[in-house]
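Right, one structure below, let's go through it.
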Amino acid sequence: MRLITILLLSLTLSTAVFADRIKDLASIEGVRTNQLVGYGLVVGLDGTGDNNNFTDQTFRNMLDQFGITMPPGQNLRTRNLAAVAVNADLPAFARPGQQIDVTVSSLGNARSLRGGTLLMTALKGADGRTYAVAQGNLVVGGLGVDGDDGSSLTINVPSVGRIPSGATVERTVESGLHHGDHITLLLHNPDFTTARRMAEEISDLLGPGTAQPLDAAAVRVVAPREPAQRVSFMSVIENIEVEPAQQSARVIVNSRTGTIVMGGNVRLSPVAVTHGSMTVTINNQLQVNQPGAFADGETVVVPETEIEVDQEDSRMFLMGPTVTLDDLVRAVNQIGATPADLMAILEAVKAAGALRAELIVI
């Protein structure tokens, strides 16, 4: 019997009750990561840089800042330079002087950034203000090699690199933690039941009416105004344990990898399923028929066709209204279905209206 290579995630097959901390279930409204981006120049490449007009212009502008003026008609394309885009994530509460990681990506036709050094690059936010400055030596995981005969070998992506702690924060982004008399907790997975339970647990610990659920994704909590007290208040809130609600029944199918993930709440209505396959093989060969040495006649080509039909034994099994995820997996295993077969079965059962779950194909 063939085994089905399925990843099964079922939280309701176990009778144990699991509670998660609020810090794992929600985030604070206004406390977020901000994206930064900049345009820079990587130097010191071993002939693997790009050959573009904008790289040449960037290099001329850099030389002008140092008081060096190059003749307009002179070619500066040394292939040791590369124009790059630099991006980073500025964490919440980051202070000037702290360092963050940056990612450097080639903008032109540079073959590799290995061995390059990023020159000082300003990283700006969506408002156009500079929040960090990046510079340093790149760490490139990819590798690219070109031969004299035109052959090439590329491993991973050599045109993208990283600089650990390569940017220094220059400006603080004000967060929404200390604004107003309330803080709002935003659930990572919106759910009315989870929001209600979270508000109840907070109110049970801190007093009635302390927390109010606003909708499926937000819970508003009364908080002290003084910053130090609010920090201590949040340290208590984030460690409160809440039992999250069971997620809606879903079946996730990845058609590219054959991976199927089923939630524990998947149920089936009464349905009969049969699965089998028929393979028809047609083999057409051309036979040459030619006359004897002294006989009259012409050489002709005679087609010879062979048709073979191979049909596997199929079985029909009945699924009742009490079928659970475990029963479904056992039934499919008994008929020896592959992941591709199971995808077809699930789609057919969903089309018949017997699958009590959302079928999502990615």
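All of the numbers you see were taken from the coordinates with simple rules; none came from a lab. Keep in mind it's a predicted model, so treat the numbers as computed, not measured.
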In sequence order, what are the phi-derived ³J(HN,Hα) couplings for segment 231-242 according to the Karplus relation 6.51 cos²θ - 1.76 cosθ + 1.60 with θ = phi - 60°, rounded to whole Hz, with x for glycine and proline?
5, 5, 4, 5, 5, 6, 4, 5, 9, 6, 8, 10
Search the structure for amide H atoms under 5 Å from the amide H of A218, placed 1.01 Å from N in the peptide plane, and list their residues when 5 or more places away or on another chain.
L187
Rg(Cα)/(2.2 N^0.38 Å) for segment 151-225, N = residue count:
1.92
Going by amide H atoms built from the backbone, whose H comes under 5 Å of the H on G108, apart from near neighbours?
A83
Expressed as a whole-number percentage, the relative contact order of segment 49-102 with C-alpha contacts under 8 angstrom and at least six residues apart is 40 percent
Which far-off residues, 5 or more places away or on another chain, put their amide H under 5 Å from the one on N265, with H placed in the peptide plane?
R250
Could you list, bin by bin from short to long, the percent of Cα-Cα pairs of segment 34-169 in 5 Å steps?
2, 11, 19, 20, 18, 14, 9, 5, 2, 1, 0
Could you run the Karplus curve 6.51 cos²θ - 1.76 cosθ + 1.60 with θ = phi - 60° over segment 158-174 and give me ³J(HN,Hα) per residue in whole Hz, x for Gly and Pro?
x, 8, 10, x, 10, 10, x, 6, x, 10, 10, 5, 10, 9, 8, 9, 6
From phi via Karplus (6.51, -1.76, 1.60), per-residue ³J(HN,Hα) for segment 118-134 in Hz, x at Gly/Pro
7, 7, 3, 10, 7, 9, 10, x, 5, 8, x, 8, 7, 10, 7, 10, 10
Just want to confirm a number: the relative contact order over segment 34-169, from Cα pairs under 8 angstrom separated by 6+ residues, in percent.
30 percent
